[in-house]
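Have a look at the structure below before the remarks.
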Amino acid sequence: MALILRGVTHRFGETKIFEDLDLQVEEGCFCCIVGPSGCGKSTLLRIIAGLYRPVKGEVLLDNKPPSLDKGEIGFVFQEDALFPWFTVEENIKFGLRARKVDKSSWGQIIEHNLQKVGLADYRDYYPSQLSGGMKQRVAIARVLAYNPKLLLMDEPFASLDSLNRNMLQTELIDLWAREKKTILFVTHNIDEAVFLAERLIVMGSKPGRIKRVLDINLPRPRNRTDTEFCRNRRSILEIIES
Amino acid sequence: MGLFNYTPAKAADQTPRTRSRKGTDYLLKLLSVVTVIAGWQAVAGLHLLELPTPTATLKVFIGLLIKGDPLYNMTLQEIVWSSLQIVIKACLLSFVIAVPLGVLMGSVGWLRKYSDTVLEMLRPIPPLAWIPLAYVLFANAGRPTEYVQIFVVFIGAFFPVLLDTIHGISLVNSIHIEAAETMGASRRQILLQIMLPGALPSIFNGIRVGFGIGWMCIVAAEFVGGKMGIGYYIWSSYSVGGRTAEIISGMAAIGIVGSIISRLVVFLEKRLIPWR
Ligand SMILES: Nc1ncnc2c1ncn2[C@@H]1O[C@H](COP(=O)(O)OP(=O)(O)OP(=O)(O)O)[C@@H](O)[C@H]1O
Ligand SMILES: [Mg+2]
């Protein structure tokens, strides 16, 4: 799903968050966003999702403004967004019901997606019985289950240990390669960005703006210890710190 | 040795301490009851006040439970039950109205503003102050006393439930609503599956308080009118004179029933909110 932002300006009260922001993301692109804390990454994702309406400018998803009721978007939030009153299974069902997915296929979809994130045995657990990392996996499974075309992921792996993080990164890349979804992925972790992204958006703050857009042309599968990988990481760090 | 031996040792070290703390808690609870009864015994025994002794009262209380009161031809349970029936009817009615109204007022901005002024005017009026007007309003009804009592208990239970429901809705985490919205959930789905369960703990608090106030209101309403119920029983026992033990027995029954109701709601809450 192609995404275009034109002249997007946003304020919270008097505070300017964005001024005249332009961005284009082609269909099927894996796009990472990095930037200092508070520069407006989460706000940008919410505007794209249609949760916030920008003060000025327009957002186009496949040439149409974003609309919430179509549920074309899968949003994985930075905060814990699982519904605590539903079990793991019921959390996934909520999305399927909202998307009006045919009920006869629910069982299989839930099984399949929980397996994808390695939590098939936790169907009947409440979120309060899961660790932070497990919750985030369920949040991802909940979104994947209704098969959105555009994935907005706000630091989804930030609370995971590095082993789990690396594993889920690989799985996400596999998923993306298989299903060619458009993905916008916010992260604080340069390593993660270089490992995942085809395109990297470096944001700056005050007001939030796009400092640089880079293509990362490393072949896949990528190797974190590769000299090319490290060279890319170093140059990106220089750009961010400049 | 090392790590694996350390953990159980620490656990074993803690268990007796918490257990003995529980023991002291229990002892303190018992002691507070003993203090009250001993004080009562002293006051009654020394004739400082015209009170029956605790043992004499207990005898009357048990007699009322088993044989009943000859003046009224009813056991204490039957008397309490007739009040309780009214409280249950009135409270259920008030919850059925206050919870949906609270959910709507909490989630629809203009409705909240529209009804806020009127509710803020009505809320400070004590439920008992409605009694005279209620008698006027229900004068031509079939059983005016019962209607008045239901009405007064209804008013008493209504506001805590309404306010706690509104409060509960305002506490619903906005991230949950946003998550539901991005999944394409309908307004109805958000209201019933996100707002309502999110507000449920607060709603239950309102129901517990509402029942408590309703139970107080029925006693007062029965003082004023009617020929039935626990309020009528202790008031008329006073009018007859010389029946202090019966009065205290009635008061004890009110206290016991009140605390049972409150525990029942808490029990129900634990069953209905398993995710906490
Ligand atoms: N609902 C809101 N109301 C008012 N101000 C807000 C709101 N949400 C965010 N802000 C402000 O907007 C700015 C950008 O916030 P945002 O959460 O988008 O940053 P971020 O880049 O995601 O930061 P982080 O990396 O820490 O998650 C911050 O200065 C924040 O204080
Ligand atoms: Mg953020």
Choice from B:Ile177, B:Ile261, B:Ile88 showing the highest fluctuation, given a GNM over chain B with Cα pairs closer than 10 Å: B:Ile177
Amide proton proximity set for A:Arg212, modelled H, under 5 Å, gap of 5+: A:Val202
Nearby lysines by direct alpha-carbon distance to A:Lys100 (threshold 26 angstrom, same-chain neighbours under 8 apart not counted): A:Lys64, A:Lys70, A:Lys116, A:Lys135, A:Lys149, A:Lys180, A:Lys181
Viscosity 1.567 mPa s, 4 °C: Kirkwood-radius Stokes-Einstein D of chain B over Cα pairs, µm²/s: 58
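Determine, for B:Thr165, A:Thr87, the number of other Cβ atoms within 10 Å of each Cβ, and report the residues in order from fewest to most.
By the 10 Å Cβ count, ascending, the order reads A:Thr87, B:Thr165.
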Equivalent ellipsoid dimensions for the range B:119-276 as semi-axes, Å, which come from the Cα gyration tensor, largest first: 39, 20, 11
Exercise: per-residue mean of other protein chain Cβ atoms within 10 Å, B:183-192: 5
Estimated translational D of the protein assembly as shown in µm²/s (Stokes, Kirkwood radius over Cα pairs; 10 °C; 1.306 mPa s): 56
Under 24 Å from A:Lys211, Cα to Cα: lysines that are on another chain or at least 8 residues apart: A:Lys16, A:Lys41, A:Lys56
Under 5 Å, built H, 5+ apart or other chain: amide partners of A:Lys56: A:Thr9
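For chain B, calculate the relative contact order in percent as a whole number, restricting contacts to Cα pairs under 8 Å that are 6 or more residues apart.
Result for chain B is 21 percent.
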Length-normalised contact order for chain A - Cα pairs under 8 Å, 6+ apart - percent: 28
Taking B:Thr244, B:Thr55 and counting other C-beta atoms within 10 Å, the order from fewest to most: B:Thr55, B:Thr244
Dimensionless Rg/Rh of the range B:24-118 - Kirkwood Rh, Rg from C-alpha atoms: 1.27
Ellipticity estimate at 222 nm from DSSP helix runs (n ≥ 4, -39,500 (n - 2.57)) divided over chain A, nearest 500: -11000 deg cm²/dmol
GNM flexibility winner over chain A from A:Arg212, A:Arg220, A:Arg137 (Cα, springs under 10 Å): A:Arg220
GNM flexibility winner over chain A from A:Leu23, A:Leu82, A:Leu184 (Cα, springs under 10 Å): A:Leu23
Residues A:Trp176, A:Trp106, sorted so that the one with the fewest Cβ neighbours within 10 Å comes first: A:Trp106, A:Trp176
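Values quoted throughout were computed directly from the atomic coordinates according to the rules given, and no laboratory measurement underlies them. The structure displayed is predicted, hence computed values, not measured ones. As a convention, Cβ positions derive from the backbone with ideal geometry for all residues, glycine included, and neighbour counts pool all protein chains shown.
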